[in-house]
Amino acid sequence: MRLPRLLLALSVLLVSPVLIRAHGYVVRAIPADRSTLERPPTRLQYWFSEALEPRFSEINLRDQTGKIIASGGVDQDSLSLLSLRVPSGLPDGAYIVELRPAFASDGHVIAESRVFFVGEEVGGVSGRAADDRAIPLEVFWRYLLGIANTLFFGGSFAYAAVLLPAWGSAGSFSGGLPSRVMGRLRNCFVLATAIAISANLLALIQQSMVFFNADASQVVEGGLWQVVQIGSRFGDIWTFRMVLLVFTAVLIFAAEYIRETIPQMSVGIWKGMIWLGALFIGLSMISSHAAGSLVLPWIAILVNWIHALAVAGWVGGLFALTLVLPIALDPYAEEERRRARAAVLMRFSRVAKILVMIVIVSGAYNALNYFASPAEIATSYGSALGRKLLLVVLLLLAGGWQHLTLRPRLLAGIRSKLERVGIRFREEIRERLLRLEVLLALATLLAVSWLSATPIPAPQSAPPDAQVPQATGISGDFTISAAALPGGPGVNTYDLLVSRAGAPVAGLDVYLQLVHPEDGRRSPWQRAEEAEAGLYVAVGDDIDRTGTWWTLVDVVEGDGQTRAAFSWQISASAAVVQTREANLAQIISLAAVLITIGGLAYPAGKRLLARMRLGMASCLLAGGAVVVTLATMGIGAALIAERQRDYERTLNPPPEVVNVVLPDAESLARGAALYQAHCLVWQGQSADFRALRGQLGAVGDDFLYAAVRAGWRDLPPCSGELGDGAVWDIVNFFRGFEGRQ
């Protein structure tokens, strides 16, 4: 017994608590941590690697005395963004940003703070890192839920795939097996269901404690758990799981109630438990690390589900057999007991070998899904994963030895070698190995629980804190400061601060348009919302590619209008990383998963074909049909994609000439003078003139350039010798006739 005790002690040591970071990570911060700004920002924005729970996430801005200046929350246009509008007139000094995001994928909440400075850096002020300790109550309920899911699925798997084929009898009225065996299996299902319900209740209390930063008594007495249940993704999954657990309890009662009157239906219910077990495990996958994967998240969830099912079939089958075998074999004599035990363990060993293969290949993909570079392995998640893998290796060694003991020919050579060094093999070692496997499996599940509470490593490829594109322009008596946050393809926020003589100006009508001059793309004019005195804000996803973009800002006050224009260099590095391309290692490991599962399914497919009695000609015809179908689908998809690109080029053809003159106030003034001097014939009210004005929202600048140069319909060209710059000034001015909605 020294070896089992030693391995158990080693297992406890391996899964002892380690310091971990919180789930999720900041992929973009504006302003950057400990940055020094010349002027106060108009908005704080922090993008995270996963979607957040709006009701339970918050952001606060404090001054260096600790006073809260402003508060914010999850942005309406992006669930992965915490944003806050900064009050105007912020004096120089140090400011602390408190972040408390609640991640929707797994319900984890972190609390950290960051610092920025206005004017000059202030000493003695620093942020606070997130509390990176695991929550014991969370680890406990995750451990209980893991045991319940594993026992339930493993028990149903062992019943259908091992016990029924090995011991099943049509004469048994109790689920196809002797009554004492079915009674023990029924107790396994009841125990698993009870543990799952208890774990679910603990999970809701613990999650409510985290969301509200309250203790258990406040959660229960104040009914805070109800808010979490009906107002979060965690609560949705929790409710669905509880409904399934109640349904499962009803099925267990029904199977027991009809076991003698309708035995076939009772057997069908017990066999159907495996699908419920798979669904329970699938619910856990939705709130796992895989749900926040940046690489093919649905594939990550599916592979993680397959991995968990294989683990549950293997480990849960061990649990079930350990509980069932003693009572099943008790009435038999020694020789009968040996044969009955060998029949079950031999069948389970063959099945477990297949499951282990799936565990290895799917586990490799899961690991590579979170490690994009070797440096990311040296993280808390990498350490936790290493401990889990070491336990899995020990479990595999114990299972491998059990596999050998069931094969006398393989064991004979090893036994003789062991006996030479004084180690004698005894028959009862099989039962001891089975108990040892169970102990190692329990320790591994505990390691998995710690791993579930450990964050995935922030990828090294995640972009650094953004340098926000910002500029200031003077138009008339207005000073307009503009910023594009974060300044990359995707959703951007545009902050426009309008002042006169240093004072913010409220009550203005401010309009904004985005232009990509290289291909002539223009967004519709958008009215910026007045967030506070002098601060006007707009949000949009019109910037969808890198390169030079223009932001045109029209400020209307009474009957007067002025224009400011800004040119931005939009960089791919400024885009918020929401997805990541699969690398070669991930593609290879995913292919290995598919090949392994396909290879394991091949014997079943071969048997099906044998029953169908298809000849060589039929097989060749079927194979050819599959190849032709796949080729046709591939060619069709390529043709459809090319046709879509042609359609896009037809709708938005690239301009023949590109407007190179920024349409700012100076260009509009020059264009107005040139229009009055050279385009007199365009200033009437002819039908063609009205038609041209009506098409301004649908035509590009190159079309207007050609009209100025060569005329349009009955409108003659503008007169005089006009250079390209002059023509573009006229085009920019003529664009001003376009109405706004």
Pop the C-beta distance of Val246 and Leu79 into the FRET formula with R0 = 22 Å and round what comes out to the nearest 0.05. 0.10
What figure in square angstrom, to the nearest 10, would you give for the accessible area of Ile306 with a 1.4 Å probe? 50
Quick check on segment 52-101: what does the Kirkwood estimate of hydrodynamic radius come out to from the alpha carbon pairs, in Å? 11.5
The answer for segment 503-596, accessible area per residue at 1.4 Å probe in Å², is 46
Test of understanding: what is the full-extension gain from Gln676 to Val125, defined as 0.36 nm times their sequence separation minus their Cα-Cα distance? 192.3 nm
To the nearest Å², the heavy-atom accessible area per residue of segment 63-162 with 1.4 Å probe amounts to 39
Selected from Trp550, Leu512, Ser571, residue furthest toward positive end of dipole (segment 508-580; charges at beta carbon): Ser571
Ranked by how many other beta carbons lie within 10 Å on average, peptides 391-398, 660-667 from highest: 391-398, 660-667
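Between Ala710 and Thr548, how high is the FRET efficiency from 1/(1 + (r/R0)^6) when r is the Cβ-Cβ distance and R₀ = 25 Å? Nearest 0.05. Can you show the working numbers first?
Numbers: r = 27 Å, r/R0 = 1.09.
For Ala710 and Thr548, the calculated efficiency is 0.35.
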Per-residue SASA entry for Trp450, accessible area with 1.4 Å probe, Å² rounded to 10: 40
What's the ranking of 495-501, 483-489, 330-336, 39-45 by average number of surrounding C-beta atoms within 10 Å, highest first? 483-489, 39-45, 495-501, 330-336
Find the all-direction average of the projected area of the Cα convex hull for segment 528-580, expressing the result in square nanometres with one decimal place. 5.1
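So how do 148-155, 342-349 stack up, highest first, on mean other-Cβ count within 10 Å?
On the way: 148-155: 28.0, 342-349: 19.1.
My ranking of the peptides, most packed first, is 148-155, 342-349.
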Quick numbers on segment 36-151, Rg and Dmax over C-alpha atoms in Å, give 17.5, 62
Paired Rg and Dmax values of segment 227-322, which use every Cα atom, in angstrom: 16.4, 53
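The values are calculated or read from the model by the stated rules, or taken from the named source; none is laboratory data. Keep in mind that what you see is a predicted model, and the values were worked out from it rather than measured. Every residue, glycine as well, gets a Cβ built from its backbone with ideal geometry; the counts of neighbours run over all protein chains shown. Note: areas computed on protein heavy atoms with side chains; ligands, DNA, RNA excluded. Shrake-Rupley method; radii C 1.70, N 1.55, O 1.52, S 1.80 Å.
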